[in-house]
Amino acid sequence: KLTFFSAGSYELFEKQAPNVQKEIKKEFTIIEEPNDKAIKKSKKLGYLPTKSKTASVNENRGDFLPSTTQMAIDYLSSRSTNGFFLKVEGARIDKSAHNNDYSAVVREVLDFDKAVEAAIRFAEKDGNTLVIISADHETGALALRDGNIKEGKMKAMFVSKGHTPIMVPLFAYGPQSKLFGGVQENSDVSNKILQLLAK
């Protein structure tokens with residue numbers, strides 16, 4: 001059952017039908033800014049910031065993704081003695097690749113990397129947390145070339161503006177991480193997660 005969510009923006013939430021907003025507000029405390037008092041008091045929390053905070057890195061989004069990942073980890077870990085499941089998505093990596101915007105792809109991946117860092121740091125401390133990092137597909141058939149380590153530069157080229165069948169990386173850290181090594185179907189990843197959660 002969903003306990004925490006953060007996505008889109010408050011402006012998008014307000015565009016939902018009134019009855020949809022009402023039903024969500026019945027279940028969740030909705031905040032637009034991090035609020036320690038509301039966070040501590042709420043049984044279920046929805047964090048919907050203004051759209052500027054969830055925009056592209058090209059629009060100076062700030063640290064929304066890593067800071068909200070940390071907020072979610074703190075919120076969920078403080079409310080469960082039996083662990084939790086958290087999904088974090090760097091969705092704008094895909095959007096940037098659709099636009100063949102190499103600079104934005106790089107910056108979005110670096111931003112996502114900070115969210116991964118928050119999860120890994122928690123897992124290191126906790127000792128009983130599995131972190132899985134992957135993607136649902138590749139976009140743009142991005143190829144890197146002419147890299148220069150000394151200058152810290154690399155060129156790139158896109159072949160497409162759509163999704164491609166190119167395989168994506170799969171990384172795992174923590175207990176049972178060995179189950180996620182090697183080449184496998186993306187549906188196998190979710191099946192293995194469900195098997196682990198059932199134990």
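Side notes on the structure shown:
- Candidates Ala123, Ala104, filtered to the one that is touching a residue at least 40 places away in the same chain (Cβ under 8 Å), part of a helix (DSSP H, G or I) and within 16 Å of Phe85 (Cα to Cα): Ala123
- Residue in the stretch 39-58 that is farther than 30 Å from Ala141 by Cβ, outside any helix (DSSP H, G or I) and modelled with pLDDT under 90 present: no
Here's the yes/no breakdown for (1) surrounded by 19 or more Cβ atoms within 10 Å (Cβ to Cβ); (2) closer than 30 Å to Ala198 by Cα; (3) in contact with a helix residue (DSSP H, G or I) (Cβ under 8 Å, 6 or more places away or on another chain):
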{"position": "Phe5", "(1), (2), (3)": "no, yes, no"}
{"position": "Phe13", "(1), (2), (3)": "no, no, yes"}
{"position": "Lys26", "(1), (2), (3)": "no, yes, no"}
{"position": "Tyr47", "(1), (2), (3)": "yes, yes, yes"}
{"position": "Ala72", "(1), (2), (3)": "yes, yes, no"}
{"position": "Leu76", "(1), (2), (3)": "no, yes, no"}
{"position": "Leu86", "(1), (2), (3)": "no, yes, yes"}
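- Restricting Ser177, Ser187, Ser160 to those that are at pLDDT 95 or above and exposed (fewer than 15 other Cβ atoms within 10 Å of the Cβ) reduces the list to Ser177.
- The number of residues in the stretch 59-94 being of a type in the set (S, T, N, Q), farther than 22 Å from Thr3 by Cα and assigned to a helix (DSSP H, G or I) comes to 0.
The values are calculated or read from the model by the stated rules, or taken from the named source; none is laboratory data. Just so you know, these numbers come straight off a predicted model, no measurement behind them. Backbone-built Cβ (ideal geometry, glycine too); neighbour counts: all protein chains shown.
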